[in-house]
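Bear in mind these aren't lab numbers, they're just calculated from the coordinates by the rules spelled out. All of these numbers come straight from a predicted model, not from anything done at the bench. As a convention, Cβ positions derive from the backbone with ideal geometry for all residues, glycine included, and neighbour counts pool all protein chains shown.
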Amino acid sequence: MKNIIVFAGSNSKTSINKQLATYASGLVENVKTDILDLNDFELPLFGVDLEKKSGIPEPAHQFLKLIKESDGIVLSLAEHNGAYSTAFKNIFDWMSRIEAKTFYGKPMLLMAASPGGRGGASVLAMAQDRFPRHDAHIVETFSLPFFGDNFSEGKIVNKDLNSALKNKVQTFQKAL
Ligand SMILES: Cc1cc2nc3c(=O)[nH]c(=O)nc-3n(C[C@H](O)[C@H](O)[C@H](O)COP(=O)(O)O)c2cc1C
């Protein structure tokens, strides 16, 4: 059975992106899902001086290994000031120092959710531009705006958005 890893680019304990990623991963059939949380991979703030002094911390190696051993990635990015959250950028920077091909060509369903109307459009665009340079194979992207209106009790309640996501999940599934 294929194994997918699922996580949010957020360290919020109530992350809306983790909720979306978890829901989307539940739509993927016949796979083992490993739902990860950045809070379980505690890392100091990346800096070249710290790297020179102490090397790369173990949690960055551990997370990268999970990517490498997976068959696919479901990732939903939080948008902070139009960009990655600090927590995501930090682990991304650390991992990129171990392996520039950070995503190992794994099929990726890339998403973003936000409480407002843009649905994390800026961070999604940033990741779509950047991740392929790190060997990401982005199969589909999905943006969920107005999270508070469109998501309730663990699922998307807006019919059109839900069927759009289901179609994208099917394409992702075929790529696994
Ligand atoms: C520092 C900060 C900056 C933010 N900047 C944006 C932004 O640029 N665009 C946006 O849509 N939401 C922004 N937000 C709101 C986030 O989208 C919201 O907090 C969301 O819940 C983050 O996702 P998460 O719950 O998965 O962490 C910001 C929130 C914080 C705390």
(message) Please list, short to long, the whole-number percent of alpha-carbon pairs of the chain in consecutive 10 angstrom bins beginning at zero.
(response) 10, 41, 36, 11, 2, 0
(message) How high is the relative contact order of region 2-175? Use alpha-carbon pairs under 8 Å, at least six apart in sequence, and give a whole percent.
(response) 24 percent
(message) I'd like the Karplus ³J(HN,Hα) series for region 18-24: coefficients 6.51, -1.76, 1.60, θ = phi - 60°, whole numbers in Hz, and an x wherever there's a Gly or Pro.
(response) 5, 5, 5, 4, 5, 4, 4
(request) Convert each backbone phi in region 74-87 into a coupling constant with the Karplus relation 6.51 cos²θ - 1.76 cosθ + 1.60 (shift: θ = phi - 60°), then list the ³J(HN,Hα) values in order as whole Hz, x for Gly and Pro. (result) 10, 10, 10, 9, 6, 10, 10, 6, x, 9, 4, 5, 4, 4
(message) Checking the table LYS18/LYS159; LYS65/LYS101; LYS18/LYS106; LYS68/LYS159; LYS18/LYS166 against a 24 Å threshold on Cα-Cα, which pairs fail?
(response) LYS68/LYS159
(message) Between region 117-159 and region 88-109, how far is it from one alpha carbon centroid to the other, in angstrom?
(response) 18 Å
(request) Enumerate the calculated ³J(HN,Hα) couplings along region 50-63 in order (Karplus 6.51 cos²θ - 1.76 cosθ + 1.60, θ = phi - 60°), each rounded to whole Hz, writing x wherever the residue is Gly or Pro. (result) 5, 4, 5, 6, 10, x, 9, x, 3, x, 5, 4, 5, 5
(message) List the residues, sorted by chain then number, that are 5 or more residues from LYS106 or on another chain and whose placed amide H is less than 5 Å from its amide H.
(response) HIS137
(message) Net charge around PRO132, counting only other residues with Cβ within less than 13 Å of its Cβ (Lys, Arg = +1; Asp, Glu = -1)?
(response) +2
